[in-house]
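Data first, discussion second: the structure below is written as structure tokens.
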Amino acid sequence: MKTKITELLKIKYPIIQGGMAWVATARLAAAVSNAGGLGIIGAGNAPAEWVLAEVRKVKNLTDKPFGVNVMLLSPHVDEVMEVIIEERVPVITTGAGNPGKYIKKLKENNVKIIPVVASVALAKRLEKTGVDAVIAEGHESGGHIGELTTMALVPQVVDNVSIPVVAAGGIADGRGLVAALALGAQAVQIGTRFLCAEETEIHPAVKEAVIKAGDRDTVITGASTGHPVRVIKNKLARRFLELEQKGAPPEELEKLGAGSLRRCMQEGDIEEGSLMAGQIAGLIKEIKPVKEIIEEIMHEAREIMKRIVREFDE
Ligand code: TUI
């Protein structure tokens, strides 16, 4: 399958892996890239030395294109950008902010830039700065989210920019891929489904919690702080929401959130940690190798497209 994104990134399938902090290590990224998608190392809040080590690991594990996700609220963004340039990382995605001030230098160094946007306005602004594509990420996603749903955001971004658009949020299988293509996207970004990949180096309790989750098991915490985050409901999320309802000051909420993503993903504390996952968690039923996940998505998408054409013509 060829789209503007597979051609831009020189990948086989139009699937980009979400750059999940404390989840998306070199091992997952390499597995995705080796399976024909674009694997991404999630820099999150990690220091530049960690990113450098993971970039070197990924280069040993695959000769295919890969990327790094830069989380723009991180205190280490400047140093992480230096590593990306020095190591000649072919492509970056960005999240949780506007990467505008870094674009000139990245472009001068031939790094492809694909920012996540949650609005048409930011997509248009970033297109003018010369980014290569945008990821339109809907409210269904896990982690830090915007207001608009994938269904509403993607076609509006598609209609307002000329660069390719990647759809994200609520996509975990071939149905989601076909729907995204129908909305005008040229690829999908998938996060939550890869939480349950065999190669994903998170605590097994997290994978189990995602598999157990039903359709209504995520909530949004942090809306009052200006940084809304979707997580699977647990003790920490309930306490967070209670404090927010009581009008707790941002510092208290920040203290509660500090270190909670690592506590969940790496230590497996699925009650007192931040269990970031998207609404599509309810669809995920088993742990599989990355290659099987990707082949299954592509096979399902092809079958659906054939069925739709057949039914449409009847
Ligand atoms: O970035 C994500 N998802 C994330 S980042 C993260 S780490 C974190 N932990 C605690 C609090 C906050 C972050 C966990 N999950 N997704 C990409 C994404 N970006 N979603 C929404 C946005 C976004 C929102 C507003 C991008 C740009 C934006 O515009 C801001 C502006 O300056 O215009």
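The values are calculated or read from the model by the stated rules, or taken from the named source; none is laboratory data. Bear in mind the structure is a predicted one, so any value in this text is a computation, not a measurement. Backbone-built Cβ (ideal geometry, glycine too); neighbour counts: all protein chains shown. To get the accessible areas, we keep the full protein, side chains included, count just its heavy atoms, and leave off ligands, DNA and RNA. Shrake-Rupley method; radii C 1.70, N 1.55, O 1.52, S 1.80 Å.
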request  = Could you please let me know if K285 is assigned to a helix (DSSP H, G or I) and more than 15 Å from the ligand (Cβ to nearest atom)?
outcome  = no
inquiry  = For the condition away from the ligand (no atom under 12 Å from the Cβ) and either in contact with a Pro (Cβ under 6 Å, 6 or more places away or on another chain) or farther than 25 Å from E137 by Cβ (or both), what is the one hit in K255, K207?
reply    = K255
Residue satisfying condition, being open to solvent by 40 Å² or more (accessible area, probe 1.4 Å), over 17 Å from the mean Cα position of the chain (by Cα) and under 30 Å from E7 (Cβ atoms), within set A258, A223, A182 = A182
request  = Out of G268, G282, report the one residue that is small (G, A, S) and more than 30 Å from G174 (Cβ to Cβ).
outcome  = G268
key: All positions within the range 126-170 that are more than 14 Å from the ligand (Cβ to nearest atom), open to solvent by 10 Å² or more (accessible area, probe 1.4 Å) and outside any helix (DSSP H, G or I)   = G130, D132, V161, S162, I163, P164
Count of the range 1-30 residues which are under 24 Å from P164 (Cβ atoms) and either part of a loop (DSSP other than H, G, I, E, B) or open to solvent by 20 Å² or more (accessible area, probe 1.4 Å) (or both) = 15
ask   = Only one of A48, A29, A24, A43 is of a type in the set (G, A, S) and out of contact with any helix residue (DSSP H, G or I) (no Cβ under 6 Å at 6 or more places or on another chain); which?
value = A24
request  = State the number of residues belonging to the range 284-295 that are open to solvent by 30 Å² or more (accessible area, probe 1.4 Å) and touching a Lys or Arg at 6+ places or on another chain (Cβ under 8 Å).
outcome  = 1
ask   = Residues of the range 60-73 being within 16 Å of the ligand (Cβ to nearest atom) and either at positive phi or open to solvent by 10 Å² or more (accessible area, probe 1.4 Å) (or both), which ones?
value = N69, M71, L72, L73
key: Tabulated pairs, the range 107-125, first farther than 15 Å from H139 by Cβ and open to solvent by 30 Å² or more (accessible area, probe 1.4 Å), second β-branched (V, I, T) and in a strand (DSSP E or B), C-beta under 7 angstrom, 6+ apart or interchain   = K112/V91
task = Would you tally the residues in the range 100-143 being polar (S, T, N, Q) and either in contact with a Pro (Cβ under 6 Å, 6 or more places away or on another chain) or over 26 Å from M276 (Cβ atoms) (or both)?
result = 3
ask   = Scanning for something more than 12 Å from the ligand (Cβ to nearest atom), more than 19 Å from I145 (Cα to Cα), assigned to a helix (DSSP H, G or I) and open to solvent by 10 Å² or more (accessible area, probe 1.4 Å), does the range 85-97 turn up at least one residue?
value = yes
ask   = How many residues does the range 288-314 contain that are part of a helix (DSSP H, G or I) and without any contact (Cβ under 8 Å) to a residue 60 or more places away in the chain?
value = 8
request  = Can you tell me which residue among E300, E292 is in contact with a Gly (Cβ under 7 Å, 6 or more places away or on another chain), more than 14 Å from the ligand (Cβ to nearest atom), among the charged types (D, E, K, R) and closer than 30 Å to K2 by Cβ?
outcome  = E300
query = When the range 185-220 is examined, which residues are found to be open to solvent by 30 Å² or more (accessible area, probe 1.4 Å), more than 28 Å from A35 (Cα to Cα) and in a loop (DSSP other than H, G, I, E, B)?
reply = D215, R216, D217
